[in-house]
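First the structure, in the form of structure tokens, and then the observations on it.
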Amino acid sequence: MPINILMPALSPTMEKGNLAKWLKKEGDKVKSGDVIAEIETDKATMEVEAVDEGTIAKILVPEGTQDVAVNDVIAVLAGDGEDVKAAGAGAASAPPKPTPAAAAPEPAKSAPAPAAAPAPAAAPVPKAPAPAAAAAPAAQTNGHDRTFSSPLARRLAKEAGIELTRISGTGPHGRVIARDVEEAKSGKGLKAPAAVPAAGAPSIAPGMSDKQILALFEPGSYEIVPHDGMRRTIAQRLTASVQTVPHFYLTMDCDIGKLLAAREEINASAPKDKEKKPLYKLSVNDFVIKAMAIALQRIPNCNVSWTESGMLKHKHSDIGVAVAMPGGLITPIIRNAETKSLSTISAEMKDFAARARARKLKPEEYQGGTTAISNLGMYGIKDFTAVINPPHATILAVGTSEERAVVRNGRIEAAHIMSVTLSCDHRAVDGALGAELIGAFKMLIENPVMMMV
């Protein structure tokens, strides 16, 4: 019996994805474990492996198709001994009962996360047309809510970062063609996105409409750069966080003179490879990650996630670290950071940062975590507040290290001071408890030898 290959869910909250590329063509034989396609989410490009053996009889969703719903049939596989042509011919008219034929990467084996994944790493929230515009998109979509478009239009839209569902099609039966994409680049024929919250999420009060905002500026004095999936997801998730999570903030100044001295000594004595290059070079942020991980172990009631049914108390410190990437940011996670050496943390962060910017992180590498760190010190920012990424209960905002005048024993001296601000979810972490956590962090970061004990 022919086997349907379905659009896989690459993360627990994924609703749709883009079928970026087929690595197999019709008539190709595949075996279990073969990579057959590449799927794009808002954060990464993932490879999809075949589960069953057989021959690709029919590809139903061409590469370049955007917003393919999870569990949609994307291709049909003829089993061993089956008539490939017959299986392909019958795919569109009478598809067989779906059975999984493609496997998504195995999710991370970590504590369950009833709440959604962190904002910068979130899977896309499904979009729907506004009621007033429902009729127009309906003419362009098939039963699976995919937009009809030409292959050239899909490629041009992808290059321009424009979602096909937002483009008004002028081709036959509302089909989006290349001319429509070119006009959409300048804002013509571009539908306003609908703001539909994820299932179970609280509604978000609407702001000014696109029409109201554009009316405030002279035509021709601006250009419209359409939002891509990542930027839209970040906006939706962080707006929901600010509106639904009761934030409060705690700030402390940390004297990192000892840390800077220790860092310099450690880096100077780092072993060299065959090319005489040091095997590692620690950054201040590596110490910050380690200090936060140990602080959470010392104040375990802060190493939690809020759910409506109960508090999740995590055993390990899984530290998400914000990494800037084209179009947004993502938070790869250092798992079990309290158990790792500074050099290991440093190596993992360098690898994560490089792969994040290339959009090659796996979902389990950026989803979950028990807290996060956002460091803007390299930009000269003295202090700031960061938005909590549910299901985290805290996030630490780290400013720059600078020489400031301090008073010691009645004398004014220069010291290297770094300001940090802890954002707390008041449902899970009360004021005094948050103060204990940032106090524990301050003691560790000011006395880095304590991290080695």
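The values are calculated or read from the model by the stated rules, or taken from the named source; none is laboratory data. Computed from a predicted model, the values in this text were never measured in an experiment. Backbone-built Cβ (ideal geometry, glycine too); neighbour counts: all protein chains shown. For accessibility, only protein heavy atoms count, side chains too; no ligands or nucleic acids. Shrake-Rupley method; radii C 1.70, N 1.55, O 1.52, S 1.80 Å.
Among the residues making up the stretch 299-315, those that are assigned to a loop (DSSP other than H, G, I, E, B) and open to solvent by 20 Å² or more (accessible area, probe 1.4 Å) are 299, 308, 309, 310, 314, 315. Residue 35 - would you say it is surrounded by fewer than 16 Cβ atoms within 10 Å (Cβ to Cβ) and in contact with a strand residue (DSSP E or B) (Cβ under 6 Å, 6 or more places away or on another chain)? Criteria met by residue 35.
The set of residues in the stretch 316-331 being touching a residue at least 40 places away in the same chain (Cβ under 8 Å) and either more than 19 Å from the chain's Cα centre (by Cα) or assigned to a loop (DSSP other than H, G, I, E, B) (or both) consists of 316, 317, 318, 322, 327, 331. Each residue in the stretch 356-388 was checked for being open to solvent by 50 Å² or more (accessible area, probe 1.4 Å) and in contact with a Pro (Cβ under 8 Å, 6 or more places away or on another chain), and 2 of them qualify.
All of 220, 187, 257 fail the test of being modelled with pLDDT under 85 and of a type outside the set (A, V, I, L, M), apart from 187. Residue pairs whose Cβ atoms lie under 6 Å apart, sitting 6 or more positions apart in sequence or on different chains, and linking a residue in the stretch 349-377 that is touching a residue at least 60 places away in the same chain (Cβ under 8 Å) to a partner that is in a loop (DSSP other than H, G, I, E, B) and among the aliphatic types (A, V, I, L, M), are 359/44; 361/44; 363/10; 364/108; 367/117; 368/113.
Return the residue satisfying two criteria in turn: it lies in the stretch 58-102 and is assigned to a helix (DSSP H, G or I) and open to solvent by 30 Å² or more (accessible area, probe 1.4 Å), and of such residues it is modelled with the lowest pLDDT. Checked the stretch 58-102; the qualifying residue modelled with the lowest pLDDT is 93. Kindly evaluate residue 312 against the criterion of being farther than 25 Å from residue 45 by Cα and over 21 Å from the mean Cα position of the chain (by Cα). Criteria met by residue 312.
The listed residues are 395, 412, 438, 381, and the only one of them that is without any contact (Cβ under 8 Å) to a residue 40 or more places away in the chain, of a type in the set (Val, Ile, Thr) and under 17 Å from residue 293 (Cβ atoms) turns out to be 395.
The set of residues in the stretch 21-66 being under 25 Å from the mean Cα position of the chain (by Cα) and either basic (Lys, Arg) or more than 15 Å from residue 8 (Cβ to Cβ) (or both) consists of 21, 42, 43, 63, 64, 66. Residues that are crowded, with 16+ Cβ neighbours inside 10 Å and either at positive phi or not in a loop (DSSP other than H, G, I, E, B) (or both) are absent from the stretch 267-276 altogether. Looking across the stretch 332-357, the residues that are in a helix (DSSP H, G or I), within 21 Å of the chain's Cα centre (by Cα) and over 18 Å from residue 281 (Cβ atoms) come down to 337, 355, 356, 357.
Considering only residues in the stretch 212-249 that are part of a strand (DSSP E or B) and open to solvent by 40 Å² or more (accessible area, probe 1.4 Å), the one that is farthest from residue 292 (Cα to Cα) turns out to be 247.
All but one of (1) over 21 Å from the mean Cα position of the chain (by Cα); (2) modelled with pLDDT of 95 or more; (3) surrounded by fewer than 19 Cβ atoms within 10 Å (Cβ to Cβ) hold for residue 296, so report the exception by its number. The number of the failed condition is (3). The residues of the stretch 16-38 that are among the hydrophobic types (A, V, I, L, M, F, W, C) and without any contact (Cβ under 8 Å) to a residue 60 or more places away in the chain, listed by number, are 19, 20, 22, 23, 30, 35. Residues of the stretch 426-433 include none that is open to solvent by 10 Å² or more (accessible area, probe 1.4 Å), closer than 16 Å to residue 285 by Cα, out of contact with any Pro (no Cβ under 8 Å at 6 or more places or on another chain) and not β-branched (Val, Ile, Thr).
To keep it simple, each residue is scored yes or no on (1) outside any loop (DSSP other than H, G, I, E, B); (2) of a type in the set (A, V, I, L, M).
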position	(1), (2)
14	no, yes
17	yes, no
21	yes, no
24	no, no
38	yes, no
43	no, no
49	yes, no
52	no, no
55	yes, no
